[in-house]
1. Take the residues in region A:201-238 that are touching a residue at least 60 places away in the same chain (Cβ under 8 Å) and among the hydrophobic types (A, V, I, L, M, F, W, C), then tell me which one is nearest to A:V13 (Cα to Cα).
2. Mind listing just one residue for me: the one in region B:88-118 that is of a type outside the set (S, T, Y) and more than 8 Å from chain A (Cβ to nearest Cβ) and, of those, farthest from B:A155 (Cα to Cα)?
3. Inside region B:119-143, can you point out the residues that are under 26 Å from the mean Cα position of the chain (by Cα) and either surrounded by fewer than 15 Cβ atoms within 10 Å (Cβ to Cβ) or away from chain A (no Cβ under 14 Å) (or both)?
4. Would you call A:V78 more than 17 Å from A:W243 (Cα to Cα) and assigned to a helix (DSSP H, G or I)?
5. How do the helices (runs of 4 or more DSSP H) wholly within region B:344-447 filter down when requiring 2 or more residues that are at pLDDT 90 or above and crowded, with 18+ Cβ neighbours inside 10 Å: which remain?
6. Can we say B:E77 is more than 9 Å from chain A (Cβ to nearest Cβ), under 21 Å from B:L165 (Cα atoms) and modelled with pLDDT under 90?
7. Just wondering, is there one or more residues in region B:240-258 that are more than 22 Å from B:A39 (Cα to Cα), in contact with an Asp or Glu (Cβ under 8 Å, 6 or more places away or on another chain), among the hydrophobic types (A, V, I, L, M, F, W, C) and in a helix (DSSP H, G or I)?
8. Scan region B:531-575 for residues that are small (G, A, S) and part of a helix (DSSP H, G or I) and jot them down.
Amino acid sequence: MALFGYIPRNSQVHRLTGATKLIFTLALSIAAMITFDTRFIAFVIALSIILFAISKVRLSELKAVLVFITIFLVINNVAIFLFAPEHGVMIYGTRHELLRISGRYALTYEQLFYQLNVTLKYFAIVPVALIFFLTTEPGEFASSLNTIKVHYKIAFAVSLAMRYIPDVQRSFREISQAQQARGVDISKKASLKARVGGILTILFPLVFSSLDKIEMISNAMELRGFGRLKRRTWYSARAFSKWDFAVITVSLLCVGLSVLTLIVNGGRFYNPFTNPF
Amino acid sequence: MNEPLIEFSNFTFKYRAQKKPTLTDISLRIFKGEKILIAGPSGSGKSTLGSCLNGLIPFNNPGTITGELLIGGKKPESVFSLGVSVGTVLQDTDAQFVGLSSGEDIAFSLENLAVTQNEMKKRVQKAAKLVEASGYLTHSPQRLSGGQKQRVSMAGVLIDNAPILLFDEPLAALDPLTGKYATALIDEIARDTGCTIIIIEHRLEDVLWKHIDRVIVLDNGRIIADAPPDEIVVSEKLDKIGLRRPLYVTALERAGVSVMPGSNPGRIETLRLSNGDKEKLRLWAKAVTQPPFENASKSETSKNKEEPPEKEAQENTPLLDIKNVGFTYDETGTAALRDVSFKLYPGEMTAIVGANGAGKSTLAKLIVGFETESAGTICYNGEDMSDFTIPERAERIGYVMQNPNQMICKPMIFDEVALGLRVRGFPESEVAERVERVLDVCGLSRFVKWPISALSYGQKKRVTIADALVLNPQIIILDEPTAGQDYKHYTDIMEFLAQLNCRGVTVLLITHDMHLCLEYAKRAIVFSDGRLVADRQTYELLSDPALAKKASLRETSLYELARLCGIDDAKVLIKAYLSGFGADNTAGRGI
């Protein structure tokens, strides 16, 4: 199983502070969620592709996640069409039929355009979120959360969780191998019931060994004074550079631009059917 | 007279969940600048005593206290607000690593004190320099070796400038050679900082290798001895409570030399022997090892063990035949094993030794099929195993992981051991019969109806061995079977394995415990850097300092004793020692 987490590299994106990246990710997600304006979403996609290139993250490192998201995307699209085949027509107020299927189902340009926008939104938001996770060091991320006024205990808990994901994955692997040696089959060959049972025999030791570990860590942290004061400082905190300010400015501009499209389009949707381009 | 820094007066502590007190009537004074070793078998209360010092008791683990504990003249008020702080290095340095990099981890306690970043960076540098960890401040924990992790942990405690440093079983997770360095490092820290040092450990000899002022021995929650090492190592009390005395002391006593505190036996470096005593040892070693050298093997069943492995090749089919095996990790492309070949014969009890990361565990994973070799073949009884699935291999080769908590998956002992048979579809009557038989062999019959949670660590370990044995494998592979066990439990487990071995099960031990190797395995296969670098009789390995170092084993103190007494060939002394050991143990200790 590919590990999904921070990949240290030397890129301009990595050098931004976690707070900046978090603000950028949130701002872009909000901006892309507010509006269905195809032109604006295309702009956001362009922005995230550029960012991806700068971050030096390789596409191959995202394979597992991308496959998962693609499956989800397909399911989402099929579901929209099954449950609301005329939603596009309702939104854009016109009906240009492309293909009659049967009963209430027909393919319209409006529906296609609507679903295209939904799909594009995925492409706008997902890469930005992935880049955020892959280029932000958990410790630094905790300090960033703390800068934006999240309590440091919560911030630290989040970063500790991120820090232990690879460990848990490794234990899972070891335990599952040991159980397979005893004959527990969790492969596709086994029946569903046997597989569920098999997974349970792995979870039992995993949960118990993790609980042991949690107690150990919390004692270790307390012995070293965690929680002693109302505030704490961060060894890996980074000062904002001019790049950070630039990126935050761009983030805010994006949100502004997104709101602007609402006014220009007189609603969330950009309608090419009534005002042809 | 100056005031004690730590003072226990008639101190008794009982955990809330327990009926009897864990510590009873402890009276103990520790002065500034002292270097103290607290020793005792598992369950003697030594870790509890440590927790009282750093405040985990009673603030995180509540219970009842009678009597008094003063640290720096004050009563502890909370884990944080100890008037004089106690810096603690916990046993498992791996699990307590909270930082994403060494530097961040070292800085942790300063972060909690809201020290500015600039100041932190400076102090991290300084602390890292003190423990020689400056070279890997930016490395992530995964990239550090066990010894490096421990240095980082030490730096993380030193940075606080605590006047008292508490080390809780600092050697438990380290191989012998790294453990030796760790002991030396603690000694240096003591000298550089002038801190009061308290070490909790049951591996006496490994700690006493460097200077210690006083040893405090606990048993059943009471202090049974409080004396300088010179007196402690000759005390018969240690044998009674199952603590192991240094090998050289035992060897001298076997030879009929009476070791007195006056000859400074606390450390082998300070040991003084009269010429008469040296002569006694020489004569003893010679007498015991006069050919025919039978004593050492008289408790064993198989004749293979005495002969070098090559000779057997013509007589027997090997049970396991590893041919030119190599393994490379896909993700990183690094080779973990290169061109490894050896044969394992029926009835052997063999140790695979080497530093952490030398490829020992990787080899075990290839044999049981968790990973697939990238080169070479592994044959079982002459049959190529490459088409065997993991469950199929498990019926031939049992594998026991280091941590039993990672293997046990049922709440009841019977169900736990029965699992392997039930998933294979055996009828319930046969399951019951086989499980009972195996529990009997493992000395667990009394516990058939018990929940797992009621068992001790050592008993859990035996349950996992039963898990593997119930499938009737010919070979059983154990990964660090004695890690973290005190001498008594360790002997129990090893005696049990020796008995299994006598019943015809071939045993392969993966270990870096030198004593285990020395006393139980006749043959040792040494790995270093992914290669097999030696395959020979254990006593030969341990009397070859260069090779022992390669295997990350510490040269045994018997080697130094041989030098001290003018025995040219250390092998003779080691053999002599082993023969005495064999005789002792067949007396039926253990299960």
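1. A:A237
2. Top of the filtered list is B:N118.
3. Once the filter is applied, which keeps residues that are under 26 Å from the mean Cα position of the chain (by Cα) and either surrounded by fewer than 15 Cβ atoms within 10 Å (Cβ to Cβ) or away from chain A (no Cβ under 14 Å) (or both), region B:119-143 yields B:V131, B:E132, B:A133, B:Q142, B:R143.
4. In short, yes.
5. B:360-368, B:413-422, B:428-441
6. Yes.
7. yes
8. B:A546, B:A548, B:S557, B:A562, B:A570
The values are calculated or read from the model by the stated rules, or taken from the named source; none is laboratory data. Since this is a predicted model, take the numbers as computed values, not measurements. Cβ: placed from backbone, ideal geometry, glycine included. Neighbour counts: every protein chain shown.
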